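Here is the structure we will look at, set down as structure tokens.
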Amino acid sequence: MTTQSTLFESNPATQTLQVPALEVSQGNGRILYSFAIDGKQLPSIATVSRLRRDDESNIHGYQRPEVLTHIATIRRYIESEAPMIPNALVVAFDKRVSFTPFPGAPRNGYSCPGLLSIPLVDDVSGEDKPGWIVDGQQRSAAIRDARVSSFPICVTAFITDSDDEQRSQFILVNSAKPLPKGLIYELLPATTGTLPIPLQLRKFPSFLLRRLNCEVRSPLYRLINTPTMPDGKIKDNSVLKMLENSLSDGALYRFRDPGSGEGDDDAMMNLLIDFWSAVRQTFPDAWDKAPRQSRLMHGVGIVSMGFLMDAIFDRYSRTRIPTEADFQADLQELCDVCRWTTGYWDFGPGAQRKWNELQNVSRDIQLLTSYLLYEYKTRVWSKQFA
């Protein structure tokens, strides 16, 4: 196996690591650096930017926790007789890292060999290291833990001081892999740059979800289960579906900019807060419970109630935007037909369903939505406004 000294040279005078590298120019002036390093040495120059939120609910970092079973599998392979990991790790360096071409080095228009100078930082926590692993944290951890003296690994790097660019590259690198969707959706609102169309379409709903989950005035404050709020009771994807449905042709569509797909998020938030506050007040016994204890907090309830929000808004929108009191008055008319925690839903002759038999599947969501909308139109729609 190649020795460490042939991979790079340490400059003790300036405490830098000098790595032979290839500078590659891509479109629009973007620069990449390709080099090899002993994977055992990678933790000395790069760390992992863990996904977290600060006290003001702002998002930081982007990496999920280490997957120990995945790391163990890779480690066993590295410890085998003839291992090979051909795919490169991706590292983002800050601007303390620099590249110097070799004197007289040949250029072919897009690549040039030289030395990449990386500062060595005595930082146990890793927060001040010059590099962050954008892709390959499990492989890096496996090499770190493997019972081998060294293991050279290929690295592709770029230089930036922007957390947004790191998050954007992290999403782009991982969107085609089995990365948890919740992690991608939580990162989207804090990400800039060009994204695939499906992810771009989910960026604004994810932004609204973040506000609902992080603003104290929201009735859904910290109730939505996300990677940074794992104790939340409501699945993030259920809330996203509710928001996307309303943005496409429901109440939130009225505040939407057709050109950008976004819109007046403050007006949308006010409406969402008024509606879900009314839901909380109308069904207190079903609120803030685990989905297995309340179908109101279950995906089938969240999505169906989103359609009911749109219907109530549509009724009032002819004269005004409904208030929390308006929502509560209309929802009150449905209390005796809702079976969120006990009893049976009465969907018609021969169509009774126990309260917890409804599942978060399209068939049951459509069944409950149709039932709630029918009861609402029958009981409330034609009534005069107070």
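What follows draws every value from the coordinates through simple rules; no lab data is involved. All figures in this text were calculated on a predicted structure; none of them were measured in a lab. Glycine also receives a Cβ, built like all others from the backbone with ideal geometry; neighbour counts cover every protein chain displayed.
At a glance:
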{"read-out": "Contour minus Cα-Cα distance for residue 363 and residue 264 (0.36 nm per residue)", "value": "32.4 nm"}
{"read-out": "Fully extended contour minus Cα-Cα distance, from residue 281 to residue 108, at 0.36 nm per residue", "value": "55.4 nm"}
{"read-out": "For segment 185-379: relative contact order, % (alpha-carbon pairs under 8 angstrom, 6 or more apart)", "value": "18 percent"}
{"read-out": "For segment 132-153 versus segment 286-337, the gap between their alpha-carbon centres in whole angstrom", "value": "50 Å"}
{"read-out": "Trypsin sites (Lys or Arg not before Pro) restricted to DSSP loop in segment 115-164 with at most 14 other C-beta within 10 Å", "value": "147"}
{"read-out": "Whole-number D in µm²/s for segment 214-257 (Stokes-Einstein; Kirkwood sum over Cα pairs; 20 °C, 1.002 mPa s)", "value": "188 µm²/s"}
{"read-out": "Trypsin sites (Lys or Arg not before Pro) within segment 336-386, DSSP loop, no more than 11 other Cβ atoms inside 10 Å", "value": "383"}
{"read-out": "Of every Cα-Cα pair in segment 185-379, the percent that sits beyond 32 Å", "value": "13 percent"}
{"read-out": "Residue 31-residue 231 FRET efficiency (beta carbon distance; Förster radius 41 Å; 0.05 resolution)", "value": "0.45"}
{"read-out": "Filter on 203/289; 95/203; 203/377; 233/354; 181/383 - keep pairs with C-alpha separation over 31 Å", "value": "203/377; 181/383"}
{"read-out": "Relative packing of 229-237, 341-349, which averages over residues the other C-beta atoms within 10 Å, highest first", "value": "229-237, 341-349"}
{"read-out": "Approximate spin-label separation residue 290-residue 94, in nm, with each point projected 7 Å along Cα-to-Cβ", "value": "4.3 nm"}
{"read-out": "Phi-based couplings in Hz for segment 289-295 (Karplus 6.51, -1.76, 1.60; Gly and Pro marked x)", "value": "10, 5, x, 6, 9, 8, 6"}
{"read-out": "Inter-site label distance for residue 221 and residue 73 at 7 Å from Cα along Cβ, in nm", "value": "4.2 nm"}
{"read-out": "Virtual spin-label span in nm between residue 149 and residue 379, 7 Å along Cα→Cβ", "value": "7.8 nm"}
{"read-out": "Dimensions in Å of segment 261-342 - Rg and Dmax from alpha carbons", "value": "13.1, 40"}
